[in-house]
Amino acid sequence: MKTTNAYLSKTVNELKPSGIRRFFDLASGMEGVISLGVGEPDFVTPWTVREAAILSLEQGYTSYTANAGLLELRQEIAAYMAREFQVAYQPDSEIIVTVGASQAIDIAFRSILDPGDEVIVVEPCFVSYSPLVSLAGGTPVHVQAETEQEFKISPKKLESAITSKTKAIMICSPNNPTGTMLNKEELQKIAEIAERYDLLVISDEIYAELVYDEVYTSMAAINGMKERTILISGFSKGFAMTGWRLGFVCAPKEITAAMLKVHQYGIMCAPIMAQYAGLEAMRNGQDEVEEMRKSYRRRRNYMVSSLNELGLSCHSPGGAFYVFPSIQTTGLTSDQFAEQLLMEEKVAVVPGSVFGESGEGYIRCSYATSIEQLQEAIKRIRRFLEKQTS
Ligand code: PMP
């Protein structure tokens, strides 16, 4: 028999485990840790949403649904997308309900990529994009966002990464890990490039509900872009529903038809009780979302002013629940900073390097935790920095 490792797929073997995991593992064995590491809301899913799932179980709804999801839910998603983001999608042909945004991203890549095809991935970004491109047989091509411009994308740099093999550009706004939101003009510049080179844009809009200063613009709402956008979204962040594993994708019907094939063979459908919960979230969840949004905004303001005061400079991010301060004045790498901060002061943050090359020199702090915990974390970070300079 060969060694067991010899049976593994080369592609999988070459994937590195997520850098975020290492810090979770380190922190989970310690007591008294304040975690600014997690990428999920600290709120429990709104009660009426939980109640809708309970009711669905009481009524005996325990079967599969249509592969694309309950038609009722797709109709609700279409109404929501039109109402909130001014994009019109057909519920019966342009929307698929997925197992989280994660699965939507996975099936998007698997539906459009052949071996050798390239996807431009703008970094720093969510850790899943590049591995999922590779698993789909494609090649991720990394372009670094502009550290000096709040981690926005330089259209010139984007353009220079395009080759004859480029099929799509992957973007995320508001962004994980930087919180940066792209405005209409910035999206338009990316759209012009996509049109000029005839590319698709995969737009991860999972944080679209959590924006604090400006009105959100969806890539699909930019003139001419609905036809070339695969819009990824879901319930995890805005509606505090990470554990339900519910997301969705909106795209031109030829693309959703292809994605549906991958989805039906791989997954069948998203869990029915989660779908009923999602229906309630979209119908009646906006007041609770507004409360959460207000709370995140307060915490963002606190974190941005406190970190800048400590000399860890950061811009005020337009959305999501992350701040991405520079730690360059400490002379430590982001990995050293995160590890030492955890060991010495029991505060868990994520080193920026796990999100891509340009993330080095920064750390990701999630503010999806109580203001008291944030205040304590800032106290500890201050003490940690004082020790560095003494
Ligand atoms: N996209 C981004 C940018 C994320 O931050 C996350 C979650 N961390 C996801 C997608 C995945 O979300 P879901 O829980 O819907 O799979």
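Read the figures in this text as sums done on the coordinates, not as results from a lab. Nothing here was measured: the structure is a model prediction, and the numbers come from that model. Here the Cβ is made from the backbone with ideal geometry for all residues, glycine too, and neighbour counts use every protein chain on show.
Under a 10 Å cutoff between Cα atoms, tell me which one of Leu342, Leu55, Leu200 has the largest fluctuation in the Gaussian network model of the chain.
Leu55
Check Val141: other-chain or 5+ apart residues with amide H under 5 Å from its amide H, H built from backbone geometry?
Those lying under 5 Å, H to H, from Val141 are Val119, Ile120, Val121.
Which angle from 0 to 90°, rounded to the nearest 10, does the C-alpha axis of helix 19-28 make with the longest principal axis of the chain?
Orientation of helix 19-28: about 60 degrees from the principal axis.
Determine, for Lys346, Lys379, Lys237, the number of other Cβ atoms within 10 Å of each Cβ, and report the residues in order from fewest to most.
If I rank by nearby Cβ atoms, fewest first, I get Lys379, Lys346, Lys237.
Hey, which lysines would be in cross-link range of Lys184, C-alpha to C-alpha under 27 Å, not counting anything within fewer than 8 residues on its own chain?
Partners within reach: Lys152, Lys156, Lys157, Lys167, Lys226, Lys237, Lys253, Lys294.
Please arrange Val350, Val49 by how many other C-beta atoms lie within 10 Å of their C-beta, fewest to most.
Val49, Val350
Which ordering of Tyr212, Tyr367 is given by a fewest-first count of other beta-carbon atoms within 10 Å?
By the 10 Å Cβ count, ascending, the order reads Tyr212, Tyr367.
To the nearest 20 debye, what is the magnitude of the charge dipole of region 225-282 about its Cα centre, counting +1 on the Cβ of each Lys and Arg and -1 on the Cβ of each Asp and Glu?
Charge dipole of region 225-282: 120 debye, to the nearest 20.
Which one of Pro174, Ala161, Val211 is farthest out on the positive end of the charge dipole of region 150-215, using unit charges on Cβ (Lys, Arg +1; Asp, Glu -1) and the Cα centre as origin?
Value computed over the given set: Ala161.
Please name which of Phe23, Thr65, Val12 has its Cα lying farthest along the dipole of region 1-133 towards the positive end, using unit charges on Cβ (Lys, Arg +1; Asp, Glu -1) and the Cα centre as origin.
Positive-most Cα among the choices belongs to Val12.
Quote the charge dipole size of region 166-310 about the Cα centre in Debye, to the nearest 20; the model charges only the Cβ of Lys and Arg (+1) and of Asp and Glu (-1).
280 debye
Along region 69-75, what does the Karplus equation 6.51 cos²θ - 1.76 cosθ + 1.60 (θ = phi - 60°) give for ³J(HN,Hα), rounded to whole Hz, x for Gly and Pro?
Using θ = phi - 60°, the values come out as x, 3, 4, 4, 6, 5, 5 Hz.
Under 5 Å between amide H atoms, partner at least 5 residues away or on a different chain: which partners does Thr229 have, H built in plane at 1.01 Å?
Correct list: Val201.
With θ set to phi - 60°, apply the Karplus curve 6.51 cos²θ - 1.76 cosθ + 1.60 along region 197-213 and write out the HN-Hα couplings as whole Hz, x wherever there is a Gly or Pro.
Going residue by residue, I get 9, 6, 10, 8, 10, 9, 10, 7, 10, 4, 9, 4, 6, 9, 10, 10, 10 Hz, with x marking Gly and Pro.
Quick one: net charge around Ile267, please, counting Lys, Arg +1 and Asp, Glu -1 for every other residue with C-beta under 15 Å from its C-beta.
Within the 15 Å Cβ shell, the charges total +2.
In degrees, nearest 10, range 0 to 90: what is the angle between the Cα axis of helix 286-309 and the longest Cα principal axis of the chain?
On a 0 to 90 degree scale, this one is about 30.
Would you please give the residues with an amide H less than 5 Å from that of Thr98, counting only those at least 5 places away or on a separate chain, with H modeled from the backbone geometry?
Gly247, Phe248, Val249
Mind putting a number on the dipole of the chain about its Cα centre? Charges go on the C-beta only, +1 for Lys and Arg and -1 for Asp and Glu, and I need it in Debye to the nearest 20.
I would put it at about 500 debye.
Using θ = phi - 60° and the Karplus relation 6.51 cos²θ - 1.76 cosθ + 1.60, list the HN-Hα couplings for region 37-45 in order, rounded to whole Hz, with x at every Gly or Pro.
Along region 37-45, the couplings run x, 7, x, 9, x, 8, 7, 7, 3 Hz.
Please give the calculated 222 nm ellipticity per residue for the chain, where each DSSP H segment of at least 4 residues contributes -39500 (n - 2.57) and the sum is spread over every residue; nearest 500 deg cm²/dmol?
-13000 deg cm²/dmol
Tilt of helix 334-345 relative to the longest C-alpha principal axis of the chain, in degrees (0 to 90, nearest 10)?
60 degrees
Expressed as a whole percent, how much of the Cα-Cα distance distribution for region 179-266 exceeds 17 Å?
55 percent
Looking at the chain, send over the antiparallel percent of its DSSP beta bridges, to the nearest 5.
40 percent
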